[in-house]
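In what follows, a structure is listed as structure tokens, so that the remarks can point back to it.
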Amino acid sequence: MNVMQKVLVNNVIPGSIISRDVYSKDGIILVSRGVAFREHFVKHFNEAGVKEIFVEENGQMTKDTMNHIRKSLHINDIVHEKTISQAQTQIKKTMIKISAAGSVNIARIGKLVEEIIDQLLEKQEFVFALSQLRSVDDYTYRHSVNVGVLSLVIGIDMSLDRDALRNLGIGAILHDIGKAVVPEDILKKPSSLTKEEFAEIKKHTDYGYEILKRTDVAEEAAQIALNHHEKYDGTGYQKGLKGTNIPLFSRIVAIADAYDAMSNDRVYQKKLSPDKVFKEITHLGDKHFDCEIMEKFARHLSIYPTGTGVILNTNHRGIVLRQNKLYPESPVVRVFRDERKDIRNLYVDIDLSITKHLYIANTF
Ligand SMILES: [Fe+2]
């Protein structure tokens, strides 16, 4: 006898065999048992008021299964994709046009920063996932926007007023504007840099400050370009400022900059998985960054974002379904039956915050 299971229509994997006739609320037969579930049934069944159906258990976890479940997960954007891509385009235009003697037309960037602030303030709380901010194409420009968004997340957590948020957002988005006047062949050089080349790259902080000084932005925004490579322990550049001698906004942007850089492929280094970024960046907390700000930032980080593939200590594979706010390392995971078939159903949803013997050992 086939084992069957009741599954939410939205979660049925296409190809699953329907094991009981499906009726509408009015008692009209929609599909007979034995039929393979097809993607368009979801809409059809939802319209007929059918929320759950019975399907035969088949127990296979394929890539398609994974992708299907990922697609069905509801992931909220913390900032609309449209706004992000508009900001990205704007930065790109600005950086291409700028020359060493130039200034930036701030009106459009200012308006986009206002939009980002509005969208973030609309959220009651936000835990963000890397996947939501991940670079899709042009790393430099996307990175600039990501750093703006992440800095504003911290600024809002610190209850900065609206003017301060605006200045922080503008300075954060333009933090690397000085790179526009560093020769591209040095910036994109795939092999290691000579001393002179590295010295030239380091100058982007000075160049950026000079450009923003000629632009209609607040001094504290311009200072971000100048000081965002300073480190809390005094080992950064240009001046080697230490601790709270580094202006607050630059301490915020330094964290956002490092976080986004680690989360993306760069010229020299492959991106790290979210859990590794979390470990790495919090580990650097007392050396490179202001610990108090880091704590605030870490509260908004999703270690295992929804949709992440995880491997438990028992070697079972699964996908993160949702977060546990108080236990970010222990999300709710949909675990699939493996080859040993020791999980009876096709999958089982496990809340890792209440199952002490299970934990995430790795990601995939
Ligand atoms: Fe930089």
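The values are calculated or read from the model by the stated rules, or taken from the named source; none is laboratory data. Since we're looking at a predicted model, the values are computed, not measured. Cβ coordinates were reconstructed from backbone atoms using ideal geometry, including for glycine residues, and neighbour counts include every protein chain displayed. Accessible surface is based on the protein model in full, side chains and every heavy atom, while ligands, DNA and RNA are left aside. Shrake-Rupley method; radii C 1.70, N 1.55, O 1.52, S 1.80 Å.
One table, with the values for the structure above:
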{"item": "Hits in segment 278-306 (condition: in contact (Cβ under 8 Å) with a residue 60 or more places away in the chain and farther than 30 Å from LEU321 by Cβ)", "result": "ILE293"}
{"item": "Leading residue by the ranking (farthest from ASP176 (Cα to Cα)) among those in segment 276-298 that are open to solvent by 10 Å² or more (accessible area, probe 1.4 Å) and under 14 Å from the mean Cα position of the chain (by Cα)", "result": "LYS276"}
{"item": "Selection from segment 144-173 of residues that are crowded, with 20+ Cβ neighbours inside 10 Å and of a type in the set (Gly, Ala, Ser)", "result": "SER144, GLY148, SER151, GLY155, GLY169, GLY171, ALA172"}
{"item": "ALA164 modelled with pLDDT of 95 or more and within 16 Å of the ligand (Cβ to nearest atom)", "result": "no"}
{"item": "Segment 174-197 - residue that is away from the ligand (no atom under 11 Å from the Cβ) and β-branched (Val, Ile, Thr) and, of those, most open to solvent (accessible area, probe 1.4 Å)", "result": "THR194"}
{"item": "Residue check, GLY234 of a type outside the set (A, V, I, L, M) and away from the ligand (no atom under 12 Å from the Cβ)", "result": "yes"}
{"item": "Selection from segment 2-18 of residues that are touching a strand residue (DSSP E or B) at 6+ places or on another chain (Cβ under 8 Å) and in a helix (DSSP H, G or I)", "result": "VAL9"}
{"item": "Filtered residues of segment 19-41 (kept if in contact with a Phe, Trp or Tyr (Cβ under 9 Å, 6 or more places away or on another chain), hydroxyl-bearing (Ser, Thr, Tyr) and not in a loop (DSSP other than H, G, I, E, B))", "result": "none"}
{"item": "Whichever residue in segment 245-298 is within 16 Å of the ligand (Cβ to nearest atom) and among the aromatic types (Phe, Trp, Tyr) and, among such residues, is nearest to ARG142 (Cα to Cα)", "result": "TYR259"}
{"item": "Top-ranked residue of segment 198-229 - restricted to ones that are among the acidic types (Asp, Glu) and either within 17 Å of LEU174 (Cβ to Cβ) or not assigned by TED's automatic domain parsing to the domain that holds VAL182 (or both), ranked as nearest to the ligand (Cβ to nearest atom)", "result": "ASP206"}
